[in-house]
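Participant: Dumping the structure here so I can ask a few things about it.
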Amino acid sequence: MSAVAWIAVGSLIAWVWLLLGQGFYWRTDQRLPRRTDPARWPSVAVVVPARDEAEMLPMSLPSLLLQDYPGDVRIVLVDDCSGDGTGQLARDLAARHGGFPLAVVTPGEPEPGWTGKLWAVRHGIAVARREKPDFLLLTDADIAHEPDSLRDLVAAAGSGGEGGFDLVSQMARLRVESVWERLVVPAFVYFFGQLYPFRRVNRARSRTAAAAGGCVLLRTGAAERARIPDSIRQAVIDDVSLAREVRRGGGRIWLGLADRVDSVRPYPRLADLWRMVARSAYAQLRHSPLLLAATVPGLLLVYVAPPATLTAVLYLLMTVDSAVQHYRGRGAAWKGRTYARPEAAPDR
């Protein structure tokens, strides 16, 4: 066979393996289990790291302040050295909407060895722990929650059998309104699921661990055992690192797609989406040139080769059919005539 045909066969084998051997990542049935209300609703501290989020807060913060949750809830918004009045806007929104109590704190610039977001999360968790909450909800400033979102998350954490889940995370629904969002966002979710198949993540003894950083409900005890966030202070992909540490500490984790949690941040231009993906894509490869060198041809084989080699595959199938017809005695057929294999001309 030609080189193109071999590439086509390799691509087919890769796709068969992906579809059947990668945790059925393409299925979308990993949703929060049906809610069973606990006898006592645990206390929850919500930690929201926010840097220059004045545009997003009016769409996200009220959804946390007005959660329909029967237990004790306190919200800590960490103003990460914002220059757009994020902290004051948060206070104004709390005064206007009421609801659960809100504290706005500012940790200052991160110490060496910390990423900015995790430095803010560290400070927020430290403030939240003063009230000794049962759970921590780590959620981003661009994430809006439906009124019963917290109820669903806490109930799901208690539904995982004996002891329940230590971490419950949902991948928020991303905006798909602009042309570029419709083109790139579904692929972003698809690739995340391919790297971290949800069904595999949710198996008790699986070695695969992941979370979606926009919405993570974490038992306080599990966070303490895993030393969150100190143990992941330099992580760029902090959500996956968090889940790994929780699992390494013996915790049970669950990850699924959200129905009641939405990202309100717009990505109207390709440049916006490009920055979002480029920020962590190489970190996903552990900043390894070797992994990059393997990933590039791998992606080309799986996603570029199939349409490019379609003509070669069709020609390959035609060639195989020709051979089959020959051995079935039909030989070459054209307009009602069949020609047998030509014999060697006799010597004269």
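The values are calculated or read from the model by the stated rules, or taken from the named source; none is laboratory data. It should be emphasised that the depicted structure is a prediction, and the values quoted were computed from it without experimental measurement. All Cβ positions, glycine included, derive from the backbone under ideal geometry; neighbour counts span all protein chains shown. We work out accessible area using only protein heavy atoms, side chains counted, and drop any ligands, DNA or RNA first. Shrake-Rupley method; radii C 1.70, N 1.55, O 1.52, S 1.80 Å.
Participant: What is the set of long-range amide H partners of GLU53 at a cut-off below 5 Å, with H atoms built 1.01 Å from backbone N?
Facilitator: Amide H neighbours of GLU53: THR86.
Participant: Could you calculate the contour length gain from VAL304 to ALA126, that is, 0.36 nm times the residue separation minus the distance between their Cα atoms, to one decimal place in nm?
Facilitator: Extra length from VAL304 to ALA126 when fully extended: 59.3 nm.
Participant: Right, here's the next one. Mean shadow of the range 172-261, computed from the convex hull of its alpha carbons, in nm²?
Facilitator: So the mean shadow area of the Cα hull is 6.3 nm².
Participant: Right, another one. With runs of 4+ DSSP H residues as the only contributors, calculate the mean residue ellipticity of the chain at 222 nm using -39,500 (n - 2.57) per run, divided by the residue total and rounded to the nearest 500.
Facilitator: -13000 deg cm²/dmol
Participant: Simple spin-label model, 7 Å along Cα-to-Cβ: THR36 to GLN234 in nm?
Facilitator: 4.4
Participant: Efficiency by 1/(1 + (r/R0)^6): what FRET value for VAL105 and GLU177, r their Cβ-Cβ distance, R0 = 30 Å, to the nearest 0.05? Please list the in-between numbers first.
Facilitator: Working: r = 34 Å, r/R0 = 1.12.
Calculated value: 0.35.
Participant: Ok, one more. Between GLU224 and SER322, take the C-beta separation as r, use R0 = 56 Å, and let me know the FRET efficiency to the nearest 0.05.
Facilitator: 0.20
Participant: Just to make sure I understand: if all protein chains stay in place, what is the order of MET318, MET59 by accessible area at 1.4 Å, largest first?
Facilitator: From most accessible down to least: MET318, MET59.
Participant: To continue, here is another question. Given the chain, what percent of its DSSP beta bridges are antiparallel, to the nearest 5?
Facilitator: Details: 14 of 35 bridges.
Roughly 40 percent of the DSSP beta bridges within the chain come out antiparallel.
Participant: Quick one: pull the percent of accessible area on the chain belonging to carbon and sulfur, 1.4 Å probe, ligands and nucleic acids left out. Write down the numbers at each step before the final one.
Facilitator: Details: 11100 of 19440 Å².
The value for the chain is 57 percent carbon and sulfur by accessible area.
Participant: Shifting gears a bit: How long are the three semi-axes of the equivalent ellipsoid for the range 198-325, computed from the Cα gyration tensor as the root of 5 times each eigenvalue, in whole Å, largest first?
Facilitator: After scaling each eigenvalue by five and taking roots: 40, 20, 17 Å.
Participant: Note the angle between two axes, namely the Cα long axis of helix 86-97 and the longest principal axis of the Cα atoms of the chain, as a number of degrees from 0 to 90, rounded to the nearest 10.
Facilitator: 70
Participant: Quick one: compute a quarter of the convex hull surface over the Cα atoms of the range 44-175 and quote it in nm². Kindly include the intermediate steps, with their values, before the conclusion.
Facilitator: Values: hull surface 34.4 nm².
Projected over every direction and averaged, the Cα hull of the range 44-175 covers 8.6 nm².
Participant: With every protein chain present, what accessible area does HIS97 have (1.4 Å probe, heavy atoms only), rounded to the nearest 10 Å²?
Facilitator: About 80 Å², ignoring ligands and nucleic acids.
Participant: Here's something else I'd like to know. Taking a probe of 1.4 Å, how large is the accessible area per residue of the chain, in Å²? Before the final figure, lay out each step's value.
Facilitator: Working: 19440 Å² over 348 residues.
About 56 Å² of surface per residue is accessible.
Participant: Hey, another quick one. Using mean Cβ contacts within 10 Å as the protection proxy, how do 25-35, 47-57, 203-213 order, highest first?
Facilitator: Details: 25-35: 14.1, 47-57: 21.4, 203-213: 17.3.
Going from most to least packed, we get 47-57, 203-213, 25-35.
Participant: Same structure, new question: Can you tell me the FRET efficiency between TRP6 and ARG207 if r is taken as the Cβ-Cβ distance and R0 is 35 Å, rounded to the nearest 0.05? Walk me through the numbers before you get to the answer.
Facilitator: Numbers: r = 33 Å, r/R0 = 0.93.
After rounding, the FRET efficiency stands at 0.60.
Participant: Continuing with the same structure: If LEU314, LEU118 are ordered by their accessible area, calculated over protein heavy atoms with a 1.4 Å probe, which sequence runs from highest to lowest?
Facilitator: Working: LEU314 85, LEU118 5 Å².
Descending accessible area places them as LEU314, LEU118.
Participant: If you take the alpha carbon radius of gyration of the chain and divide it by 2.2 N^0.38 Å, what ratio comes out, to two decimals?
Facilitator: Values: Rg = 26.9 Å, N = 348, 2.2 N^0.38 = 20.3 Å.
Its radius of gyration relative to the 2.2 N^0.38 Å reference: 1.32.
Participant: Follow-up question, since we're still on this one. So what is the relative contact order for the chain, in percent, with contacts set as C-alpha pairs under 8 Å and at least six apart?
Facilitator: 21
Participant: With the radius of gyration and the Kirkwood radius both derived from the Cα set of the range 1-98, what is their ratio Rg to Rh?
Facilitator: That ratio equals 1.31.
Participant: Keeping all protein chains in the complex and leaving out DNA, RNA and ligands, what accessible area do you get for ILE13 with a 1.4 Å probe, in Å² to the nearest 10?
Facilitator: Taking all protein chains as shown, ILE13 has close to 110 Å².
Participant: At 1.4 Å probe size, what's the solvent-accessible area of SER159? Round to the nearest 10 Å².
Facilitator: Per-residue accessible area (SER159): approximately 60 Å².
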